[in-house]
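Worksheet: one structure, shown below.
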Amino acid sequence: MQYLEVQGDNPFYSPGNIALAMYQKPDVTRFGTREKWKTMGRSIMDSEVKNGFQIFSRASFGKGFILAPAYDISQTYGREVKAVRLENNTQAMEDALKTVLNYSIVPPVVDESLDSPAYYDPEKLELAINPAYPDNEAFSAIAAEVAHSRMHAKGVNTYYSRAECDLDAQSVSCILCRRFGIQREAPDLSRLGELYGGWTPQEVRQALDTVQDMSKKMGNSIDRNIAPPEHTRGSHTRRPER
């Protein structure tokens, strides 16, 4: 559960870097390299400069990654870090819900008799939505069910099983909810050992990569849709950054 929270607070970092940070600093929350904090208007406290922990960071020259010191936000000072928080009954939340639904690879249908906010049906290949639930509950459920639809891939994934994939789908939802300040219950972790027992570290890493990649893409789309970039005079003539 701590991993999901830290990943939600640091959506752009890989599961490997999240694990490195948690191993070296068990109380880590939001973290970054000195360069990353500088872009956010924050600096490392003098007393904490030697207390960083190592993560992989993209090399400033050539290709690949190098180990670089990183710091928790508690080790920094400076400009307040702004965070997007989605509230019920707001335009931003409505836009976020639409964005997440757009990631479903099956059509959504309204079902007011549904006893949950959302449910992906692998037989009918449709995503049922009950609009009677509050926005925060809808967001949490829809994100998980959209993840189910993508994992099933309209039956292309012949190994798909709801029981086997539900923790991964709920993890996608947890990371997204954490990222946008939406309260939701913790997923059922009682089968964690059973689901991942016997897996190699590489297999676990691949599963976590899939969860992180899916949540990151949906989260980035939400950010773009609720806060589109401002256009300035002459911006259309600038060459895009790579």
Sorted peptide list for 90-97, 197-204, criterion being average Cβ within 10 angstrom, highest first: 90-97, 197-204
Calculated FRET value between Tyr160 and Gln91, using beta carbons and R₀ = 41 Å, to 0.05: 0.70
Residues whose placed amide H lies under 5 Å from that of Ile55, excluding near-sequence neighbours: Ala68, Ala70
Contact order relative to length of the chain, as percent, for alpha carbon pairs under 8 angstrom and 6 or more apart: 19 percent
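Going down the list Lys38/Lys63; Lys98/Lys216; Lys25/Lys63; Lys50/Lys216; Lys63/Lys216; Lys154/Lys216, which pairs span over 25 Å between their C-alpha atoms? Provide the component values of the computation, followed by the final result.
Values: Lys38/Lys63 22 Å; Lys98/Lys216 16 Å; Lys25/Lys63 28 Å; Lys50/Lys216 31 Å; Lys63/Lys216 23 Å; Lys154/Lys216 22 Å.
Pairs exceeding the cut-off: Lys25/Lys63; Lys50/Lys216.
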Pair Val49, Phe12: separation of 7 Å Cα→Cβ label points (nm): 2.5 nm
Extended-chain gain in nm, criterion 0.36 nm per residue less alpha-carbon gap, Ala59 and Arg191: 43.6 nm
Computed magnitude of the charge dipole of the chain (debye, nearest 20; Cβ of K, R +1, Cβ of D, E -1): 1640 debye
For region 2-78: relative contact order, % (alpha-carbon pairs under 8 angstrom, 6 or more apart): 31 percent
Span from the region 121-194 Cα centroid across to the region 45-87 one, whole angstrom: 31 Å
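Throughout, read-outs are computed from the coordinates displayed, never taken from laboratory work. If you're wondering where the values come from, they're calculated on a predicted model, not measured in any experiment. Don't worry about glycine lacking a Cβ; one is built from the backbone with ideal geometry, like all the others, and counts go over all protein chains shown.
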